[in-house]
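Notes follow once the structure below has been shown.
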Amino acid sequence: MSNRILPPTLAVLLTTFTQCFQARSVVIFEWLVIGWIQCQGRRTLTDVALASGAIGERHISVFHRFFSRASWTLDALGRVVFMVALKWLPADQPLVVLGDDTLARKGGKSIALASMHHDPLLSSARKPFASFGHVWVVLALWVPLPFGSGRGFALPVLFRLYVSAKRGGERHRAGRRQGRGGPRLRAARTAHAQHRQVTKLELLREMVGLLAGWAGERTISLVVDSAYAGRTVLEDRPPNVQVVSRLRLDAALYAPPPPRRAGQKGRPRRRGDRLPALQQVIAQRRRWTALPVVLYGRSVTPRTFTLTALWYGALRSQLIRIVVVRDPNRRRHDEAFFCTDLDRDAAFVLQTYAHRWTLEVTFHDTKQHLGFGQAQRQTRQAVKRTAPFVGVVYSLVLLWAAAHLEQDGSLSWSVRPWYRSKTAVAFPDLLSALQQELWRARFSTPPVPAQRPQNPAPVPHRSQQLAA
């Protein structure tokens, strides 16, 4: 199938995943990838199977069993994506890894491992709002692909499902009688009760340790938001992992512990004197350094100054490099960022943290254009696999486009002349180009003539047999 209807670059890329599946599951994996790319509208598993063109050759239950029963792991797929993406990263630069979480709203009481979560899009500063669904903690690799105009892309590598303690989603519609529910609802309740409660920071810490082993001796710059800059992630991390994040202006900072005096008794001090808060330091600061950098694809010149301190509340045994930034036009509030690597300068900290926005773009594109979280799976194993599979498809589309351009190929998509100021290629353009390549490969390949069954040899008449 792959050699006949797939573009050569995509066929070679899919071949690298054959080691992750059994022989019967490899073809199902290819069909699902093609179906997810070609599907229009809502990405339910039935529509994906129809878009793949496999209906008639395989039963629809095969695609459901691929997620619920087949023997394969998401971490194995993530490692293949990680190894393929290393080709586009310079060997002398650290790997920029992005960590964050996203909410996939769900509807249905029988969805396994779904629970109530804070909804940042529907909430406001005055009124918080919670939604029923799945929260995925994602670890992505930032890759400067050749068509990204310097901004790069975040390729999802590892996924973990966070389940809160409150399941929720049990309220019936008005006028409907309250009952015990069917076997699927009872199975969903049992799955939630038996699930081990793990925090988001612990899930991120687990994935960082796994990816640090894949990286070997290469240095990793982990970029997270302030919600993940806690003691669980910062302390006792792998030796090749450095963290870049945002710092609160009212964080409790301390001077390093003073050297131990000769003959001094008692336990050595673990921190020095309390330093003034960053708010006070900023108010008294008179000298700022103009730093020309490129942030979010734009050349800017903010005012900065750096200092070194001990953030004892989150990292008790190591100093951090703090970079305070001020907008010269005073349109934005003053902000502070930190890095656990003291050898990095302010430009590296700001540019590295700016890469975190590409993960937000990944969340938007996977939900809007690939239907992340739209498939209504109900069993525990299928829930843990289906939505992250969309992240693998997203990475495959980007890696295919990069490999296609490297082989002197051209990317074609629908031109929208009303976007006059558009300078960078977006993910919908790459998805459209791959869809055109799939159709071009399918219709340009000459059809294989069907082999007609040969007529059987004529049976000699009885008179001929007697004469013989």
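The values are calculated or read from the model by the stated rules, or taken from the named source; none is laboratory data. Predicted model only: the values in this text are computed from it and were never measured. With ideal geometry, Cβ positions are generated from the backbone for all residues, glycine too; neighbour counts draw on all protein chains shown. Ligands, DNA and RNA are stripped out before the accessible areas are found, and what is left, the full protein with its side chains, is counted by its heavy atoms. Shrake-Rupley method; radii C 1.70, N 1.55, O 1.52, S 1.80 Å.
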Exercise for the section: Extending each Cα 7 Å along its Cβ direction at Q368 and L307, get the distance between those two points in nm, one decimal. Expected result: 4.1
Fill in the blank from the handout: 1/(1 + (r/R0)^6) with r = Cβ-Cβ of V300 and F147, R0 = 25 Å, i.e. FRET efficiency to nearest 0.05, evaluates to 0.60
Completion exercise
In nanometres, the difference between 0.36 nm per residue of separation and the alpha-carbon distance of S421 and S317 is 32.5 nm
Problem - Average accessible surface area per residue within the chain, 1.4 Å rolling probe, Å² - result: 55
Fill in the blank from the handout: For the A283, R42 Cβ pair and Förster radius 35 Å, calculated FRET efficiency rounded to 0.05 is 0.10
Handout entry: F147 accessible area, assembled protein chains, probe 1.4 Å, Å²
Key = 20
Problem - Overall form of region 208-253 per C-alpha gyration tensor (a/c, 1.5; a/b vs b/c) - result: prolate
Practice task
Output ³J(HN,Hα) for region 306-319: one whole-Hz value per residue in order, computed from phi by the Karplus curve 6.51 cos²θ - 1.76 cosθ + 1.60 with θ = phi - 60°, and x for Gly and Pro.
Solution key: 10, 7, 10, 8, 10, 9, 5, x, 10, 9, 7, 10, 8, 6
Problem - Inter-site label distance for E57 and K265 at 7 Å from Cα along Cβ, in nm - result: 8.3
Fill in the blank from the handout: Proximal lysine pairs in the chain, meaning Cα under 28 Å and 8 or more positions apart or interchain, come to 22
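With an 8 Å Cα cut-off and a minimum separation of 6 or more residues, compute the relative contact order for region 127-280 in percent. Working shown, then result.
On the way: 158 pairs, mean separation 23.9, N = 154.
Normalised by residue count, the contact order of region 127-280 is 16 percent.
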Problem - Distance (nanometres) between label positions extended 7 Å along Cα→Cβ at W413 and E206 - result: 3.5
Exercise for the section: Please work out how much length the chain gains when fully extended from R330 to R105, using 0.36 nm per residue of separation minus the C-alpha to C-alpha distance, in nm with one decimal. Expected result: 77.3 nm
Completion exercise
FRET efficiency (K127, D225; Cβ distance; R0 30 Å; to 0.05) is 0.85
Completion exercise
Yeah, region 280-353 with a ≥ b ≥ c from its alpha-carbon gyration tensor (a/c under 1.5 is rounded, else prolate when a/b outruns b/c, oblate otherwise) is oblate
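Per 0.36 nm of contour for each residue apart, how much would the distance between Q194 and R442 grow if the chain were fully extended, relative to their Cα-Cα spacing?
84.6 nm is the gain from fully extending Q194 to R442.
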